[in-house]
Amino acid sequence: MKTMGLAKLVLVAPRRFPDPEAVALASGAAAVLDAARVVNSLDEALAGTVLAIGLSGRPREFAGRVLPMRAAAAEALRHAAHGDVALVFGTEMSGLSNDELARCGLVASIPADAGYGSLNLAAAVQVAAYELRVATTGGEVWRAPRFAPATTTRSKPCSRTGRAR
């Protein structure tokens with residue numbers, strides 16, 4: 001999250017928190033975990049948000065709008081002008097339930113290979129955070145400094161010893 005400029009983390013009824021393994025895996029971004037808010041329910045987590053985007057790779061039969069993550073990131077940006085937008089992820093083992101996904105105003109899916117479209121939670125969070133970053137920044141990256149092109153000068157040919165004659 002921190003790598004992509006995100007800092008607000010809300011955890012719904014985690015089994016362990018704080019978790020030393022999570023801190024170790026945070027690799028210099030423990031401040032995100034330190035500032036995390038822990039709540040007891042998804043409804044509590046979503047209170048006050050202007051849009052909740054649930055992520056799912058599995059097709060569902062409910063009346064909701066489903067967008068690829070890139071398009072959902074653009075929607076998130078549009079709504080963020082009016083308040084907090086939540087990205088909602090399920091558990092590592094089973095993802096979001098139908099009931100949890102129904103609480104989201106929009107569903108995002110990460111386009112993946114149809115033969116094996118399963119992403120682990122960390123990968124899904126990183127892809128979603130990346131798409132939000134690109135939507136926010138336009139995908140700008142650092143630029144190399146401009147230097148004058150290298151020039152060559154004619155010198156005497158080198159001998160076999162590598163010394164100029």
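Against the definition (in contact with a Ser or Thr (Cβ under 9 Å, 6 or more places away or on another chain) and open to solvent by less than 100 Å² (accessible area, probe 1.4 Å)), how does GLY139 come out, yes or no? So GLY139 does not fit the description; no.
Somewhere in the stretch 93-111, is a residue closer than 14 Å to ALA129 by Cβ and either in contact (Cβ under 8 Å) with a residue 40 or more places away in the chain or touching a Cys at 6+ places or on another chain (Cβ under 6 Å) (or both)?
Checked the stretch 93-111: at least one residue is closer than 14 Å to ALA129 by Cβ and either in contact (Cβ under 8 Å) with a residue 40 or more places away in the chain or touching a Cys at 6+ places or on another chain (Cβ under 6 Å) (or both).
Being closer than 17 Å to MET1 by Cβ, of a type in the set (A, V, I, L, M, F, W, C), surrounded by 18 or more Cβ atoms within 10 Å (Cβ to Cβ) and in contact (Cβ under 8 Å) with a residue 24 or more places away in the chain holds for only one residue in VAL32, VAL125, and it is VAL125. Please verify whether ALA24 is of a type in the set (A, V, I, L, M, F, W, C), surrounded by fewer than 14 Cβ atoms within 10 Å (Cβ to Cβ), farther than 18 Å from ALA122 by Cα and without any contact (Cβ under 8 Å) to a residue 24 or more places away in the chain, treating the condition exactly as stated. No: the conditions fail for ALA24.
Of GLY64, GLY83, GLY115, GLY5, which residue is surrounded by fewer than 16 Cβ atoms within 10 Å (Cβ to Cβ) and without any contact (Cβ under 8 Å) to a residue 12 or more places away in the chain? Going through GLY64, GLY83, GLY115, GLY5 in turn, the sole match is GLY115. Counting the residues of the stretch 44-74 that are among the charged types (D, E, K, R) and in contact with a helix residue (DSSP H, G or I) (Cβ under 8 Å, 6 or more places away or on another chain) gives 2.
The values are calculated or read from the model by the stated rules, or taken from the named source; none is laboratory data. Since we're looking at a predicted model, the values are computed, not measured. We place every Cβ from the backbone using ideal geometry, glycine too, and count neighbours over all the protein chains shown. Ligands, DNA and RNA are stripped out before the accessible areas are found, and what is left, the full protein with its side chains, is counted by its heavy atoms. Shrake-Rupley method; radii C 1.70, N 1.55, O 1.52, S 1.80 Å.
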